[in-house]
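Written out below as C-alpha cells is the structure these notes cover.
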Amino acid sequence: MNAEIIIIGDEILLGLVTDTNSAFIARTFAPLGIAIRRITKVGDKIEDIIGALQQVSPDSEIVITSGGLGPTHDDKTREAVAAFLGTSLQTNSAALDEIKSAYARAKRTMTDANAVQALIPTGADYLSNQLGTAPGIKFHKNQTTFFCLQGVPKELESMVKHHVVPFVSNKAGKEIIAYRTLRATGIPESALYEHVKEIIKNFSDQLDIAFLPKLAVGVDVRLTTSKRMLPETAHALIEDAQTKFINKIHEKYPAAVYAFDDDTMENAVAQLLFKTKLTIATAESCTGGLIAHRLTNVSGSSAYFMQGVTAYSNASKMQLLNVPEELIRQHGAVSEEVAKAMAEGVRKLAGTDIGVSTTGIAGPTGGTSEKPVGLVYIGLATKKGTQVIKPLILPFPTDRVTFKERSSQMALNEIRKFLISL
C-alpha cells in the first residue's frame, strides 16, 4: 500500500514551525507495510491546497493532510476539499454537538468562529477529535482515501491512532517494512562508521542503513528493511543485524548503545535506577538544572530523584553545597576540585546514593586559553568514591543551549555507565 502526506501551513514554509507530523505518520505506517511515496508542503492558500490534492498519484491509496482545520480565517482546508470534490460545505450536526460538549466540559463559552469547524464537505465523513475541537474529515475519490487531520501534533497523533490505523490495518497487505534505531553516544559519526562498515557490507542487499548524527546526544544508526517482507522474516532480520551491530560497536566502545528507536537517555538511566533502587541528587552550574529536568521527565521519578540544586554563583556553591571558598579561590569554579566538592556536597545534603555535578564554561564569553569555552567537568559521587570526568571539547563552537544539552547527556551517560557496572 502506498501513501502520501500533505502538510499545510504558511508557518511551515516560513520555517517558524518544524514539521514533525510527517515523521510521525511515516514511522507509524512503516510497520504496517505502507510506503510513503511523497511528502508535499504547501501554504494556506486555497489554490495551493487544491493543487496539492490534484497532484496526488493515482497509485496512492491513502493520503493524509495535516493542518488548516482551525476556526480562523486562515484555515482553508475545509474549503479546499469542498472545491476539490466539487461540492459545498454543510454543518454536520454530530460534529457541532461534539464541539459544544467540549466547551461545556471546559466550562467555556463557544464562539461563532468555533462553529465553523463543524462545516464538513457534502459526501465526506467527520472524524471525532478526542483532544481538540476541530474534527477531522474523511472522504474517498477514485481509488484513494483521504484523511484530513489537524496540525497540532498531539491531536494528529491521536487521530492517526484512533481513525487511520484501524482503517489501513484492514487493508494493508501481510508484508511490512521493519526498522530499528540504535542510539549511541560518545562516538563520532566517522569513527562509528569506520568501525562497523564491514557489517554494513554484509547486510547491503537486505537493509538500508543510515547514520544520523545529533550534536548534543550522539549518533543514531537506523536499520530499515530494503523491501516489504513477512513480519517474522523482517523482525528476524532486524534482530540479527541489531545484535551484530551492538556486539561490534561494544568491542571498541563498551556500553555505547544506550537506547532504541525513540527512547531517551533519561529513560535508560531511570530504568536502571528503578532496578537498583538507588537514589540520586544533582548539583548543577553550567547545565542550569537540565539534568534534574531530564531525570524527572520519567513517570515515577520520585522513587529515585531526591533533590536538585542549581548553584550558578560561587556564593551558592559555598552556601548550599559547602564547597570551600579556598577551593574556588585556588582552582576556580570551573575545575576538577570544585566539581568533586559539588557532587559530594549534594550527595551529603540529600542523603542519596549518587550525587552528580556539572561546572563549565558555556560561552560565548568567559573562556581563556587554560579554560576555553566548551570546557565542562562532571562529578559523580557514590559510596565507591568520587570521580570527575572532563569530556573532550568540541573542535568548533556551539550555542549555549547545545552546550547544556550535550553536557547533560554526558552526565547522564556517566550515571548510566556506573549503574551498569554494579
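Here are some notes:
- Counted residues, the stretch 271-303 - those being buried (at least 23 other Cβ atoms within 10 Å of the Cβ) and over 27 Å from residue 374 (Cα atoms): 1
- Residue 214 meets the conditions (1) of a type outside the set (A, V, I, L, M, F, W, C); (2) farther than 30 Å from residue 290 by Cα; (3) surrounded by 14 or more Cβ atoms within 10 Å (Cβ to Cβ) in every case but one. The failed one is (2).
A quick yes/no check of all residues on (1) touching an Asp or Glu at 6+ places or on another chain (Cβ under 7 Å); (2) at pLDDT below 95; (3) part of a loop (DSSP other than H, G, I, E, B):
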| site | (1), (2), (3) |
| --- | --- |
| 71 | no, yes, yes |
| 74 | yes, yes, yes |
| 101 | no, yes, no |
| 104 | no, yes, no |
| 132 | yes, yes, yes |
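- Among residues of the stretch 174-197 being without any contact (Cβ under 8 Å) to a residue 24 or more places away in the chain and in contact with a helix residue (DSSP H, G or I) (Cβ under 9 Å, 6 or more places away or on another chain), the one that is nearest to residue 398 (Cα to Cα) is 191.
- Any hit, the stretch 44-54, residues being assigned to a loop (DSSP other than H, G, I, E, B), polar (S, T, N, Q) and over 30 Å from residue 233 (Cβ atoms): no
- All positions within the stretch 369-385 that are small (Gly, Ala, Ser), touching a residue at least 24 places away in the same chain (Cβ under 8 Å) and either under 12 Å from residue 411 (Cα atoms) or not in a loop (DSSP other than H, G, I, E, B) (or both): 379, 381
- Some residue of the stretch 208-216 being among the β-branched types (Val, Ile, Thr) and under 14 Å from residue 258 (Cβ atoms): no
- Any hit, the stretch 387-404, residues being in contact with a Ser or Thr (Cβ under 8 Å, 6 or more places away or on another chain) and touching a residue at least 40 places away in the same chain (Cβ under 8 Å): yes
- Being touching a Phe, Trp or Tyr at 6+ places or on another chain (Cβ under 8 Å), surrounded by 13 or more Cβ atoms within 10 Å (Cβ to Cβ) and either at negative phi or at pLDDT 95 or above (or both) is true of residue 92.
- Within the stretch 171-200, restricting attention to residues that are modelled with pLDDT of 90 or more and among the acidic types (Asp, Glu), the residue that is nearest to residue 232 (Cα to Cα) is 198.
- Qualifying residue in the stretch 182-193 (condition: hydroxyl-bearing (Ser, Thr, Tyr), surrounded by fewer than 19 Cβ atoms within 10 Å (Cβ to Cβ) and not assigned by TED's automatic domain parsing to the domain that holds residue 33): yes
A quick yes/no check of all residues on (1) among the β-branched types (Val, Ile, Thr); (2) exposed (fewer than 15 other Cβ atoms within 10 Å of the Cβ); (3) outside any helix (DSSP H, G or I):
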{"position": "108", "(1), (2), (3)": "no, yes, yes"}
{"position": "115", "(1), (2), (3)": "no, no, no"}
{"position": "120", "(1), (2), (3)": "yes, no, yes"}
{"position": "138", "(1), (2), (3)": "no, no, yes"}
{"position": "146", "(1), (2), (3)": "no, no, yes"}
{"position": "157", "(1), (2), (3)": "no, no, no"}
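The values are calculated or read from the model by the stated rules, or taken from the named source; none is laboratory data. Remember, it's a predicted structure, so these values are computed and weren't measured experimentally. Using ideal geometry, Cβ is built from the backbone for each residue, glycine included, and neighbour counts are taken over all protein chains shown.
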